[in-house]
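Chemist: To start, I am sharing the structure in question, which I have written as structure tokens.
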Amino acid sequence: MSNLQRQVNAENARYLVNNGRLVALMSAAFSVIWWCLFSPSDQFSGHAFWLASMLALSLLFYLYTRRYSQRQTGELPVGLLNGYFSLTSACGVLWAVGILLFMPQLAEAQRLLLMLLVGALLSLVVVPNLLSIRSFNGFALPMLVALLVNMLGRDSNEWAAYLVLLLSCALLNVVLRRAETLVKSNFSEGVRNRARAIELADSHASMRQQSERDGLTGLYNRAMFERHLQQHWRLSSRANTVLSLLLIDVDFFKPYNDHYGHLAGDQCLSLVASLFNQALQREDDMVARYGGEEFVIVLPNTDTKGALQVATRIRTLLAKAKLRHEYSAAASYVTVSIGICCLIPSAQQSSKEIVDKADKALYRAKQLGRNQAVVAARGEV
């Protein structure tokens, strides 16, 4: 069975259990009305037992449908529809027993009233069973058979009423069949539309991911970094707070790539990127791939001391990871050089200034032997 068909069946089942309580309530109400109208006072015990059985079955039916109608999401039991059919058929059989019990002792006018009530009951249970002709017939056929048994030897008026009832049930079956086809078609279309909406949302999320993220490391890309920097530059300028930027370069990455291969180089960058994420502790902090083996971190509302703490955490994590790099002049494992700039932005400045100063600090860190963090000489806070 296809996933689409399973979802349609689930919608079908939810419709039945959500409306099945009406069948139970109507059966209980009609059984009380029936007993009050047709129960002879001199044969109380048998009719009372029938009424008690009908009320008990109606309660069971109500609790069964109520249990599953509360499940608005998730899978429904495979045998739910079979259970529903069994309960509706049991109600129909018990109604047939009631007809056989009550009808022989009634006068003609009462028998006609009884058939009218049967027709009213069948008309009322059509809507709850709109998506299950089987359940409707399981409810109706035992009653029609019991009426037919009691019709033997009756006059033409009662036969005419019975034939009208029989014709009405046949027409209800035609209506149910067309309604079932139409509603299930709508269910199918609804399921398809939801599937398309989910697919479209996933596609949109994927496109957004591709437009915002670096494909190799999963970090934000340079365009997102520049957008993020501009945003926090304006916020820091208005609030007169410190903004810090760390420009990071993986030391001697070209020799690493040349000797270990590009695949190992990609794995190295991915690992380093994950360590950068671990080093950040606030939601507003942002790390991005700046280009090649260069990365950048934006730290809003962070002074020099806080920026150096982040740089120290990065270098400590790399030291613990000990990603082997035999061709580095800085250490036996992969290290990074970090340029830091901390300043209070102003409306007269451009965000490019903090990047340029961090880049100069990074250049200085490389000149000093790499594997270290250097703070820009000007703009320090």
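Chemist: Could you say whether any residue in segment 316-323 is assigned to a loop (DSSP other than H, G, I, E, B), under 19 Å from Phe253 (Cα atoms) and within 50 Å of the chain's Cα centre (by Cα)? It would help to see each step written out before you state the result.
Modeler: Taking segment 316-323 as the starting set, the residues that turn out to be assigned to a loop (DSSP other than H, G, I, E, B) are 322-323.
The next check asks that each one be under 19 Å from Phe253 (Cα atoms); those that pass are 322-323.
Now restrict to residues that are within 50 Å of the chain's Cα centre (by Cα): 322-323.
Yes.
Residue-wise test of (1) surrounded by fewer than 16 Cβ atoms within 10 Å (Cβ to Cβ); (2) at pLDDT below 95.
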position: Ala329; (1), (2): yes, yes
position: Ile344; (1), (2): yes, yes
position: Lys352; (1), (2): yes, yes
position: Leu362; (1), (2): no, no
position: Ala373; (1), (2): no, no
position: Ala376; (1), (2): no, yes
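Chemist: For segment 215-225: of the residues being out of contact with any helix residue (DSSP H, G or I) (no Cβ under 7 Å at 6 or more places or on another chain) and in contact (Cβ under 8 Å) with a residue 60 or more places away in the chain, which is farthest from Glu353 (Cα to Cα)?
Modeler: Among residues in segment 215-225 that are out of contact with any helix residue (DSSP H, G or I) (no Cβ under 7 Å at 6 or more places or on another chain) and in contact (Cβ under 8 Å) with a residue 60 or more places away in the chain, the one farthest from Glu353 (Cα to Cα) is Arg222.
Chemist: Same structure, new question: Looking at this structure, is Arg238 assigned to a helix (DSSP H, G or I), more than 22 Å from Thr335 (Cβ to Cβ) and basic (Lys, Arg)? Can you show your working first?
Modeler: Numbers: assigned to a helix (DSSP H, G or I): yes; more than 22 Å from Thr335 (Cβ to Cβ): yes; basic (Lys, Arg): yes.
The answer is yes for Arg238.
Chemist: Starting from segment 136-152, take each residue that is under 19 Å from Leu87 (Cβ atoms) and list its partners that are open to solvent by 10 Å² or more (accessible area, probe 1.4 Å) and not in a helix (DSSP H, G or I), counting only C-beta distances under 9 angstrom and pairs at least six apart or across chains.
Modeler: Correct list of pairs: Phe136/Val126; Phe136/Leu130; Gly138/Ser132.
Chemist: Taking the condition of being under 15 Å from Asn18 (Cβ atoms), surrounded by fewer than 18 Cβ atoms within 10 Å (Cβ to Cβ) and either at pLDDT 65 or above or touching a Ser or Thr at 6+ places or on another chain (Cβ under 9 Å) (or both), how many residues in segment 56-80 meet it?
Modeler: 4
Chemist: Out of (1) closer than 21 Å to Ser236 by Cβ; (2) out of contact with any helix residue (DSSP H, G or I) (no Cβ under 6 Å at 6 or more places or on another chain), the odd one out for Cys342 is which?
Modeler: Of the numbered conditions (1) closer than 21 Å to Ser236 by Cβ; (2) out of contact with any helix residue (DSSP H, G or I) (no Cβ under 6 Å at 6 or more places or on another chain), the odd one out for Cys342 is (2).
Chemist: Could you tell me whether any residue of segment 231-245 is at pLDDT below 90 and either open to solvent by 20 Å² or more (accessible area, probe 1.4 Å) or within 38 Å of the chain's Cα centre (by Cα) (or both)?
Modeler: Quick first cut of segment 231-245, residues at pLDDT below 90 only: none.
There is no residue in segment 231-245 that is at pLDDT below 90 and either open to solvent by 20 Å² or more (accessible area, probe 1.4 Å) or within 38 Å of the chain's Cα centre (by Cα) (or both).
Chemist: Turning to a different aspect of this structure: Any residue in segment 263-286 that is out of contact with any strand residue (DSSP E or B) (no Cβ under 6 Å at 6 or more places or on another chain), touching a residue at least 60 places away in the same chain (Cβ under 8 Å) and not in a helix (DSSP H, G or I)?
Modeler: no
Chemist: Within the bounds of segment 304-313, is there any residue that is open to solvent by less than 60 Å² (accessible area, probe 1.4 Å) and either assigned to a loop (DSSP other than H, G, I, E, B) or over 30 Å from Gln349 (Cβ atoms) (or both)? Lay out the reasoning, then the answer.
Modeler: So the first thing to find is which residues in segment 304-313 are open to solvent by less than 60 Å² (accessible area, probe 1.4 Å), and the list is 304, 306-307, 310-311.
This time we only want the ones that are either assigned to a loop (DSSP other than H, G, I, E, B) or over 30 Å from Gln349 (Cβ atoms) (or both), so: none.
Within segment 304-313 (the criterion being open to solvent by less than 60 Å² (accessible area, probe 1.4 Å) and either assigned to a loop (DSSP other than H, G, I, E, B) or over 30 Å from Gln349 (Cβ atoms) (or both)), the answer is no, since none of the residues qualifies.
Chemist: Also: Consider segment 81-107. How many of its residues are open to solvent by 20 Å² or more (accessible area, probe 1.4 Å) and in contact with a Lys or Arg (Cβ under 8 Å, 6 or more places away or on another chain)?
Modeler: The number of residues fulfilling the criteria is 1.
Chemist: Which numbered condition trips up Ala288, out of (1) more than 19 Å from Leu243 (Cα to Cα); (2) in contact with a Leu (Cβ under 6 Å, 6 or more places away or on another chain); (3) of a type in the set (Gly, Ala, Ser)?
Modeler: So Ala288 meets the others, but not (1).
Chemist: A further question follows. Which of the residues belonging to segment 313-372 are within 24 Å of Leu299 (Cα to Cα) and of a type in the set (Asp, Glu)?
Modeler: Result: Glu353, Asp356, Asp359.
Chemist: Is it the case that Ser53 is assigned to a helix (DSSP H, G or I), open to solvent by 30 Å² or more (accessible area, probe 1.4 Å) and either touching a strand residue (DSSP E or B) at 6+ places or on another chain (Cβ under 8 Å) or modelled with pLDDT under 90 (or both)? Spell out the reasoning first.
Modeler: Values: assigned to a helix (DSSP H, G or I): yes; open to solvent by 30 Å² or more (accessible area, probe 1.4 Å): yes; either touching a strand residue (DSSP E or B) at 6+ places or on another chain (Cβ under 8 Å) or modelled with pLDDT under 90 (or both): no.
The answer is no for Ser53.
The values are calculated or read from the model by the stated rules, or taken from the named source; none is laboratory data. Note that the structure is a prediction, hence the values are computed from the model and not measured. Heads up, the Cβs are rebuilt from the backbone with ideal geometry, glycines too, and the neighbour counts pull from every protein chain shown. Note: accessible area is taken over every heavy atom of the protein model, side chains too, but ligands, DNA and RNA are not part of it. Shrake-Rupley method; radii C 1.70, N 1.55, O 1.52, S 1.80 Å.
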